[in-house]
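J.: One structure, pasted below without further comment.
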Amino acid sequence: MTEYRCEATTIEGFVQQLAVGYVASGYYFYVCGLVPEHKDARAIDRKLISKYQIGISKWARMRRKAQGIANVQYIRHGRFWVLLATHGKHPFFLPEDEGGEGSQVKDVRRVPIKFASYSIGHRGGHAHVAIERGTYLELRSYFWELALRRPRPVLEREFWNLPFEAYAPVRRQFVTMFKRVNERRQIAGLEPLNFSCLRLRRRITKPFEVVHESRAA
C-alpha cells in the first residue's frame, strides 16, 4: 500500500479536504466519531486504513470503480474522524456484526457532517459548506444586537474576524448578516458599514501540512 496521509493539521484544511477533496468527488456515505481520550489517535488511523484497505494508489481506485467496488477515504483532525465511501460494494457497508459500519452509515446529501460549527453537505450537484444553522442563527442575533451599540470600526472588525472560510454558502450568510446590520443602522441614522469588511475570498490551504509553532504564533 502507498503512504496515506489522513491527519489534517487545521480545521480549515480538514473542512477543505473533506468537502473539496472527498464529498465533491462522490464520497457521499460516511461514518464519523471521536477517538477516546485514552487511545492513541494514530493507532486508530492505522487500524482503520488497514481494515478498509484505504491506502491504495489512484490507479487501484480507478480499477475498483470500474469493477463496481466502492472506494473509501479517511480523515481526522484532533480526535474527530470521518470515514467516507463512494457508491459500490465494500465491507464498509456490511452490518456491524459482520465487521462493517452498517446502520451507522449516513448519506451526506441528506445528513450533513457537522464539525467546528461548519455544516458540510452536498446540494445541487456540488459540495455545500455553510456555517451550521444553530451557530449562524446565534451570530445573526449577535450582530443584530450590536448593530446600534457599537461604532462602525468595531463592527467591521467583528465581521472581518469571523472564523469561517468563504465558501459560497458562507459568503451568502455573511452578506445576509451584513445587510441586516446596515438596514438597522440606516433606520437609526447611523453610518453604514463598508462592504470591504467582509472576507469573501476563500483561502486555499494544504490540509496535511505540518504547522510549526513559530508559524502558528
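The values are calculated or read from the model by the stated rules, or taken from the named source; none is laboratory data. Everything quoted here is computed from the prediction, not taken from an experiment. When we count neighbours, we look across all protein chains shown, and the Cβ atoms used for this are built from the backbone with ideal geometry, even at glycine. Surface accessibility is based on the protein's heavy atoms, side chains included, excluding ligands, DNA and RNA. Shrake-Rupley method; radii C 1.70, N 1.55, O 1.52, S 1.80 Å.
J.: Count, please, the residues in the range 55-71 that happen to be within 24 Å of the chain's Cα centre (by Cα) and at pLDDT 95 or above.
T.: So the answer is 2.
J.: Would you mind telling me which numbered condition in (1) out of contact with any His (no Cβ under 9 Å at 6 or more places or on another chain); (2) modelled with pLDDT under 95; (3) not polar (S, T, N, Q) Gly100 fails?
T.: (1)
J.: Listed residues Arg123, Arg110; which is touching a Pro at 6+ places or on another chain (Cβ under 9 Å) and basic (Lys, Arg)?
T.: Arg123
J.: Let me ask something else about it. Quickly run through the range 81-102 and pick out the residues that are of a type in the set (A, V, I, L, M) and exposed (fewer than 15 other Cβ atoms within 10 Å of the Cβ).
T.: Leu94
J.: I would also like to ask the following. Name the residues in the range 152-168 that are open to solvent by 40 Å² or more (accessible area, probe 1.4 Å) and not in a helix (DSSP H, G or I), would you?
T.: Answer for the range 152-168, where residues must be open to solvent by 40 Å² or more (accessible area, probe 1.4 Å) and not in a helix (DSSP H, G or I): Asn161, Pro163.
J.: May I ask you to verify whether Val23 is aliphatic (A, V, I, L, M), open to solvent by 60 Å² or more (accessible area, probe 1.4 Å) and either closer than 30 Å to Ala130 by Cβ or in contact with a Pro (Cβ under 8 Å, 6 or more places away or on another chain) (or both)? Can you show your working first?
T.: Numbers: aliphatic (A, V, I, L, M): yes; open to solvent by 60 Å² or more (accessible area, probe 1.4 Å): no; either closer than 30 Å to Ala130 by Cβ or in contact with a Pro (Cβ under 8 Å, 6 or more places away or on another chain) (or both): yes.
The answer is no for Val23.
J.: Would you confirm, using the coordinates I've provided, whether Val105 is at pLDDT 95 or above, of a type in the set (A, V, I, L, M) and open to solvent by 50 Å² or more (accessible area, probe 1.4 Å)?
T.: No; evaluated as a whole, the condition is false for this residue.
J.: Which residue pairs have Cβ atoms under 7 Å apart, sit 6 or more places apart or on different chains, and have a first residue in the range 184-196 that is free of Cβ contacts under 8 Å to residues at least 60 places away in the same chain and a second that is in a loop (DSSP other than H, G, I, E, B) and among the hydrophobic types (A, V, I, L, M, F, W, C)?
T.: Arg184/Ala147; Arg184/Leu148; Arg185/Ala147; Arg185/Leu148; Ala188/Leu148; Leu190/Leu148
J.: Only one of Tyr142, Tyr167 is farther than 30 Å from Ala41 by Cβ and of a type in the set (Phe, Trp, Tyr); which?
T.: Tyr142
J.: When only residues in the range 108-139 that are free of Cβ contacts under 8 Å to residues at least 24 places away in the same chain and basic (Lys, Arg) count, which is surrounded by the most Cβ atoms within 10 Å (Cβ to Cβ)?
T.: Lys114
J.: When the residues of the range 4-41 are filtered to those that are farther than 22 Å from Val108 by Cβ and outside any helix (DSSP H, G or I), which remaining residue is farthest from the chain's Cα centre (by Cα)?
T.: His38
J.: Oh, and also: Go through Ile44, Ile75 for me and flag whichever is in a strand (DSSP E or B), at pLDDT 95 or above and open to solvent by less than 40 Å² (accessible area, probe 1.4 Å).
T.: Going through Ile44, Ile75 in turn, the sole match is Ile75.
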